[in-house]
Amino acid sequence: MGPTPRAARALVLLAGFYLLGLFLLAALAAADWAAAVHTPGPFALKVFIVSAVLALPIVRGMFMLRTPPYEDVPGVQVDESREPRLWQTVRDIAQQVGTRAPDEILLTGDVNAAVSEDSRLLGLAGGTRRLRIGLPLMTGLSESGLRAVLAHEMGHYGNADTRLAAISERGRVHVLRTVAHFEERAGAKVSKERARQEKKAAAAVAKGRKAKEVDTTGTGVTYRAMARLYTAYGKFYLRATLSGSRRAEFAADVAAARIAGRDATSSALREIPVIDAAHDFYLNCYATLGVDTGLLPPPGEFLGGFRHLLAARHEELDALRGELPTEPVSPYDSHPPIAERVARIEALPDDGRASDPVRPSLSLLADADRSFAAVEETVLTPAALGLRRLDWPELVHAAMSVQTERSAQRFGALALGTAGGEDTSPRGTDGGGGTPGHGADADRTSRPEAAPEGDGAGAATLGALLDAIDAGALWRIAERLPRSAEAAAAHGRAAREFARPQLHAGLSQLVSAEYLRQGRARWQLSWAESAALELPYGHVDELPAALEAAVADRPDTGPLRALLEPVAAPETSAPAQAPAPGPTA
């Protein structure tokens, strides 16, 4: 469907919104006329009032013509003097597509590329064009892949998608506004009625009578009925306009294949979901690893560190590239499934352009490090920008040490019965902290905490637990730990086997924290796998057996106490690595 038919359909759908409003206003006017003619008096007055109240949201929705302004996406606008190669590439692609190049290019911090246009007169006249390119997307794409993405976006300009979007957006905004007006009035009416009934019930109780149960079932029913009418039209509107959006995506893909090549376009489409998943993993497990302890990586590395992860895990990511996402198809999706888009592109005839040179797309930037640092300043909140910055190795050690100490304290409080009802179940299954970065968010404002080294309370907890084990309290301690229904019902040896892994894991947490407090262990950064806790030479072999002995049927804490005995001077032997939870999927 060409631009003209699509514009006509969008205008018809927009007109349908106004026709619905006029029809409802006419129905209300007819009800007023019937009430005035057939039942004059107080009843007619009530009908007039109800009609006026219902008509107000309809009229507001019809005549609030302003649409939301251009979304201010965090990023850095770059001109041609700053990024000449990028601008030249975009202009060349726009010329090949046969459309006007964007007026602005904005580098952002997300895995995305998008175009917009400040069109006028409902899309009949064009306006300022903007292209947004995410640095994480550039980090993961080759130059040929980025050219395919840019050709896709220029294809949207060439097919007038950005201009026609103004009409569709106008209709969506009006429908949603009108529904919101009715829902708001229904909610206000329910709240008012609830307050009235609660006041009446309180007065009844004060007089010694039984209060009636608050019931607002029928309150605001006319508002909700009107909202349902507009919601039904809104669903029809979205299905019709978004189906056009999906066809526009296919058309833009064809433009990308024509300009950048079939294989480059298919490869870029396959790569984007992989980059997106890898970037989410990176943010959760690396970039925000130290946020809870008031730490961030060095300037520019919050976004730029993604390069290290992609380079170290290329084999792992290769396995993902062959598995296209199989998301369910919905009539309300603005984009077709990636698998369907790839299938359509790969069904095109071979254009013989599979041997294009592969260069990283970041090479199009004059200074990638400077760009990462500049965009980072706009992406992070002021609170996050105020956090302490550490190089990656120091950040991993400091953040993981605090997480290990916290996990150990949770288990110790639970095992010794001092948890006070708080959820203190251990967060991990090996020596070390819980999953780093889990649930972390870059806008938290917590400040750096003191390193756990030298914390006598933690050492006392471990000592008290070992003393309790020596006193024969190991299985009483196990009863304090969270248990499944099956474990709680078990007895004798079966109960011990259920409890042993949890005791082993929690004790391992305490031991790891003690090594860190003594300065005899260190968390090591790894971009290819989980972080590892380096223990003193030989301990990595002896520690598992010592932990097993401490939670055996006849516990023996002697080997563990011997390993934890502080040494007079630092050991000079090469450390060994003990696997422990670190940045991991």
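A compact table of results
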| quantity | calculated |
| --- | --- |
| Gained length - Val214 relative to Glu394, 0.36 nm times residue gap less alpha-carbon distance | 58.9 nm |
| Region 244-373 - percent of accessible surface contributed by carbon and sulfur, probe 1.4 Å | 56 |
| Candidate aspartates and glutamates - alpha carbon under 14 Å from Lys212, same-chain residues fewer than 8 apart omitted | Glu193, Glu198 |
| Theoretical FRET efficiency, 1/(1+(r/R0)^6), r = Cβ-Cβ of Asp318 and Lys199, R0 60 Å, to 0.05 | 0.35 |
| Cβ-derived FRET efficiency at R0 51 Å, Lys207 paired with Leu385, nearest 0.05 | 0.25 |
| Hz values of 3J(HN,Hα) by residue in region 11-19 - Karplus curve (6.51, -1.76, 1.60), Gly and Pro given as x | 5, 5, 5, 5, 5, x, 4, 5, 5 |
| Protection-proxy order for peptides 516-523, 84-91, 150-157, each taking the mean of Cβ atoms within 10 Å per residue, highest first | 150-157, 516-523, 84-91 |
| Potential extension, Arg91-Arg228 segment - 0.36 nm per residue separation minus Cα distance | 44.6 nm |
| Selection of trypsin sites (Lys or Arg not before Pro), region 172-210, meeting DSSP coil and at most 14 other Cβ within 10 Å | Lys207, Arg209, Lys210 |
| Å³ per residue enclosed by the Cα convex hull of region 469-574 | 131 |
| Rounded FRET efficiency, nearest 0.05, which uses the C-beta distance separating Thr326 from Asp470 and R0 of 60 Å | 0.60 |
| Taking all pairs of distinct alpha-carbon atoms in region 195-262, Kirkwood radius in angstrom | 17.3 |
| Candidate lysines - alpha carbon under 30 Å from Lys210, same-chain residues fewer than 8 apart omitted | Lys189, Lys192, Lys199, Lys200 |
| Surface/4 of the Cα convex hull for region 17-56, nm² | 2.4 |
| Debye intensity ratio in log₁₀ form over the Cα atoms of region 204-348, taken at each q of 0.20 Å⁻¹ | -1.18 |
| Inter-probe distance in nm under a simple model that places probes 7 Å from Cα toward Cβ, at Arg239 and His491 | 6.2 |
| Listed peptides 262-272, 490-500, 109-119 by packing density, highest first (mean Cβ within 10 Å) | 262-272, 109-119, 490-500 |
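The values are calculated or read from the model by the stated rules, or taken from the named source; none is laboratory data. Given the structure is predicted, the values throughout are model-derived calculations rather than measurements. Note that we place each Cβ from the backbone using ideal geometry, even for glycine, and neighbour counts take in every protein chain shown. Remember, those area values only see protein heavy atoms, side chains included, never the ligands or the DNA or RNA. Shrake-Rupley method; radii C 1.70, N 1.55, O 1.52, S 1.80 Å.
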